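Beneath this line is the structure, given in C-alpha cells, with notes to follow.
Here, each number is a calculation from the coordinates, and none is a lab measurement. The structure displayed is predicted, hence computed values, not measured ones.
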C-alpha cells in the first residue's frame with residue numbers, strides 16, 4: 001500500500017463509541033524489511049532507524065507523524081472552534097415583519113369580508129332606490145317584486161298642453177325584467193374594489209326593462225294616436241250607387257310613433273313619468289280643384305251604360321255594374337286619375353266564344369274508358385288593353401262603346417300533364433231528375449255544358465260559383481231571379497242551379513272526395529233526396545269540394561229535358577257506402593189561408609232530422625285507412641199556403 005502524497009490528518013474518530021482495543025507491542029523490524037518509501041511510523045511506534053544528518057543534496061528526513069488516535073488514547077489535538085451564525089441585517093428583519101403584517105391585514109380587510117359577501121348582492125346595492133345589499137339573488141328578486149309592484153304598474157302619462165292620455169305599462173308591452181335586473185348586480189366572489197365599495201359606498205343598478213315592441217307600437221299608433229292625431233283626409237271621389245260623391249281634402253296632424261315609443265321607454269320606471277308628445281301637420285296631395293275635375297269626369301262616365309262589343313255580339317254593362325270598378329287615386333300634380341278594374345268587372349262575363357277560347361286537355365269517356373283529348377291555344381281578353389279602352393270610352397269624347405281586345409293564350413292544362421293525372425275509371429256518378437220545362441231546364445243545361453270536361457288537379461278545391469261565375473243576366477241563363485237566404489247565407493240566382501249542384505254533391509260523396517261546403521235547404525223539398533241535397537245561390541251558399549287524392553278528377557256532366565247526370569272519373573281509391581237513418585224529431589207542417597187575389601198555393605212540408613253516414617273502405621291493393629263520416633241535417637217545417645176557392 002502506497003500512502004505517498006495522501007493526507008495524514010486524523011479522520012473523525014469512528015471508534016469513539018466502541019470498546020477500547022488492547023494495545024499490543026510490535027516487534028522491531030529491520031528497516032530493510034519495509035518497502036521503499038515506507039517508514040515504521042505507520043505502525044504507531046517510533047522510527048525503527050535513527051535519522052542521520054543529510055548531506056546537502058539529500059532529501060530531508062520525513063517528519064514525525066503521530067499515528068491515528070486509538071479509542072483508548074486521548075487526543076492531544078485542540079477541539080475545533082464552534083461555528084456561530086452571522087448577525088442578520090436589520091433591513092431584512094423589518095421587511096419580513098412588514099410582509100407578515102400586510103398578509104394579516106389582507107386576510108382581515110379583504111378575504112374575510114369577501115367570504116361573507118360571496119353569493120350575496122354587495123352591500124350598498126340599490127335598484128330604483130330599494131336596498132337589496134346583503135341578500136341572496138332569490139331574496140333580492142322576491143324583495144324587488146314585493147316592494148316595487150306598485151311602481152312597476154304605474155301608468156305613463158302622454159301629454160300635449162292640457163291634454164293627457166295614460167298608458168298602462170302591462171297593456172303597452174312594458175315590464176321590469178326582475179331576474180335579469182338581479183343578475184346584473186354582482187353576487188359572486190367580489191374583487192378588492194367591490195369589497196371596498198361594499199363597505200364604504202353605494203351603487204345603483206339600472207333596471208332591465210323588457211319591451212314588447214310590436215305591442216308598444218300598436219298602442220301608440222291606435223290609442224295614443226286617436227287622442228292626439230287629427231286624420232288627414234285625402235281628396236277623392238267615390239260612388240253612392242251610380243252617383244259620384246266628392247271627398248274634400250283636409251289637412252291633419254300626426255305623431256311620430258317611433259320617437260314617442262323611445263321616449264315612453266325612457267320614462268318607464270323613471271322619476272318623471274310624463275312624456276311630452278309633438279305633432280306635425282300632414283297635408284293632402286289632392287287639391288279642391290282636382291276633386292272638382294274628377295267629379296265632372298265621373299258624372300259624364302255615369303251618363304249612360306257601357307257597351308262591350310265581341311265577335312258574337314254585344315254585352316251591355318249598366319252604370320251600376322261599371323261604377324264599383326272605377327277607382328280614383330291621387331296623381332303627382334294635385335289631381336285625381338282613374339282606373340278601371342277590368343279583371344274583376346269581366347270575370348263573370350263570357351266575352352270570348354268557346355270556339356275561340358283556349359281548350360284545356362281533357363278526356364272523352366264515351367267509349368267507357370278515358371281517351372285523351374288534346375289541348376289547344378286560343379284567344380282571351382287582353383285585360384290591360386280593355387282597362388285603358390274603357391277609361392277612354394267613358395271620358396270626354398268617348399262613345400261609351402268598347403271593342404273587346406283579345407290576345408293569344410295557352411291552355412292551363414297541357415297534354416303531357418293530363419296524361420299523368422291518373423284518370424282511369426269512374427269513381428262516382430249521380431242522376432237527378434226534375435220536371436220540365438224552360439227556363440229551369442235551359443239553366444241546368446248551360447251549367448252542364450260549361451263544366452263538362454273540366455279537370456280538378458290534386459289538392460285543388462272546386463267551387464261551383466267560381467267555375468260558372470255570376471249567372472244572373474249572363475248569356476245562357478234565363479228566367480226570374482230570386483233573392484234567398486239559406487241558413488244565414490244570402491244570394492240571388494236563377495232557377496235550376498241547386499238541381500245540378502245536388503247531382504254533383506251526391507257524386508262527390510260516392511267518389512270518396514272531401515266536402516268543404518255543402519248547405520242544405522232550410523225546408524225539405526220533395527224533388528231532392530233528404531240529407532243528400534244542397535242549396536246554391538250567388539255569391540252564397542256555394543258547393544265546394546277538394547280533390548284530396550294524388551290523382552286528377554275529370555268532371556263529366558250531361559243534361560236532358562228532365563234529368564242531369566254528373567260523373568267523376570279518376571283512380572278508384574275507396575269502396576263507398578251511404579246509409580241514412582230514419583227521419584226523427586218530426587214537426588208537422590201547418591197551413592195558412594192565402595190571399596184572395598193572386599194567390600199561389602204551396603204544399604207544406606214536415607220538419608225533421610235525418611243522419612247520413614258515409615263509410616269509405618280502401619279498395620284492394622291500395623293503401624289507406626277506412627273512414628266513417630256522418631252529417632246530421634235538420635229541416636224546418638214549411639207552412640202550406642191554401643188559396644181560397646175561386647168564385648167561378
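Below, the figures for the structure above:
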| item | result |
| --- | --- |
| Cα centroid separation - the stretch 413-438 against the stretch 394-410, whole Å | 36 Å |
| Gyration tensor (alpha-carbon) shape descriptor, the stretch 421-642, a/c threshold 1.5 | oblate |
| The stretch 307-393: C-alpha gyration tensor shape, a/c 1.5 cut-off, then a/b vs b/c | prolate |
| Cα centroid separation, the stretch 234-298 to the stretch 497-519 (Å) | 50 Å |
